[in-house]
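Everything on this sheet refers to the single structure shown next.
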Amino acid sequence: LKFIFGPSAVPALDLVDQRSITRVRSPSGRTLYQVLGSSGKLYTCYSTCHFCTCPAFGFSVLQKSESLLCKHILAVYLSQAMGACQELAVSEEQLSNILLAEEEDEG
C-alpha cells in the first residue's frame, strides 16, 4: 500500500484501526462518509466521486496533482474493503443538514 499510495497509507490505516470512518446513509440510498481526522476535525468524503473536504485533498490532489488521494479517502476505501465502517442511518433532512454544514465551513 505504501508503494502505491505513498505517505497516505500508514495514516489511513491508523484511521481504520481507530474506527474513525462512519458511513452515513439516508432512506433514499444517498451515502457519504465522515472521517474523524487525526486532528479531531470531521471530514466528509464522497467515495462515488473521489472527493474529500480536507485541505490536503484540495492542495495535494486537486491543485498540485502530487497525490492520488488523501488519507481520509484511502481510509474510506480500506474500511469498505475490510468491513470496518461504522454505520449511521439518518433522515433526508439530517443528511441535508450535514451537507449544508460542510458548505458553511468552506465559506
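Restricting the range 60-74 to residues that are assigned to a helix (DSSP H, G or I) and modelled with pLDDT under 90, which is surrounded by the fewest Cβ atoms within 10 Å (Cβ to Cβ)?
Residues of the range 60-74 assigned to a helix (DSSP H, G or I): 60-63, 71-74.
Then keep just the ones that are modelled with pLDDT under 90; that gives 60-63.
Details: Ser60: 18, Val61: 20, Leu62: 11, Gln63: 9.
Result: Gln63.
Being more than 12 Å from the chain's Cα centre (by Cα), closer than 15 Å to Gly6 by Cα and of a type in the set (Asp, Glu) is true for just one of Glu66, Glu87. Which residue is that? Working first, answer last.
On the way: Glu87 fails: closer than 15 Å to Gly6 by Cα.
Answer to the check: Glu66.
Cβ contacts < 6 Å: first residue among the small types (Gly, Ala, Ser), restricted to the range 31-48; second residue outside any loop (DSSP other than H, G, I, E, B), any location; separation 6+ or different chain. Result?
Gly37/Tyr43; Ser47/Val76
Any residue at all in the range 82-104 that is open to solvent by 70 Å² or more (accessible area, probe 1.4 Å), modelled with pLDDT under 90, in contact with a strand residue (DSSP E or B) (Cβ under 9 Å, 6 or more places away or on another chain) and β-branched (Val, Ile, Thr)?
No; the residues of the range 82-104 include none that is open to solvent by 70 Å² or more (accessible area, probe 1.4 Å), modelled with pLDDT under 90, in contact with a strand residue (DSSP E or B) (Cβ under 9 Å, 6 or more places away or on another chain) and β-branched (Val, Ile, Thr).
Check Tyr77 against each of (1) within 15 Å of Ser8 (Cβ to Cβ); (2) open to solvent by 40 Å² or more (accessible area, probe 1.4 Å); (3) in a strand (DSSP E or B) and name the one condition it does not meet.
Evaluating Tyr77 over (1) within 15 Å of Ser8 (Cβ to Cβ); (2) open to solvent by 40 Å² or more (accessible area, probe 1.4 Å); (3) in a strand (DSSP E or B) leaves (3) as the failure.
Sort out which residues of the range 20-35 are over 19 Å from Leu100 (Cβ atoms) and open to solvent by 10 Å² or more (accessible area, probe 1.4 Å), and write them in order of number.
Ser20, Arg23, Gly29
Determine the pairs where a residue that is touching a residue at least 60 places away in the same chain (Cβ under 8 Å), located within the range 53-74, has a partner that is part of a loop (DSSP other than H, G, I, E, B) with Cβ atoms under 6 Å apart, the partner being 6 or more residues away or on another chain.
Final answer for the pair search is Cys70/Cys54; His72/Cys54.
A quick yes/no check of all residues on (1) out of contact with any helix residue (DSSP H, G or I) (no Cβ under 7 Å at 6 or more places or on another chain); (2) acidic (Asp, Glu):
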site	(1), (2)
Leu1	no, no
Gly6	yes, no
Pro11	no, no
Asp14	yes, yes
Arg19	yes, no
Pro27	no, no
Tyr43	no, no
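The values are calculated or read from the model by the stated rules, or taken from the named source; none is laboratory data. It should be emphasised that the depicted structure is a prediction, and the values quoted were computed from it without experimental measurement. A quick note on method: Cβ atoms are made from the backbone with ideal geometry, for glycine too, and the neighbour counts reach across all protein chains shown. What goes into the accessible areas is simple: the full protein's heavy atoms, side chains included, and nothing from ligands, DNA or RNA. Shrake-Rupley method; radii C 1.70, N 1.55, O 1.52, S 1.80 Å.
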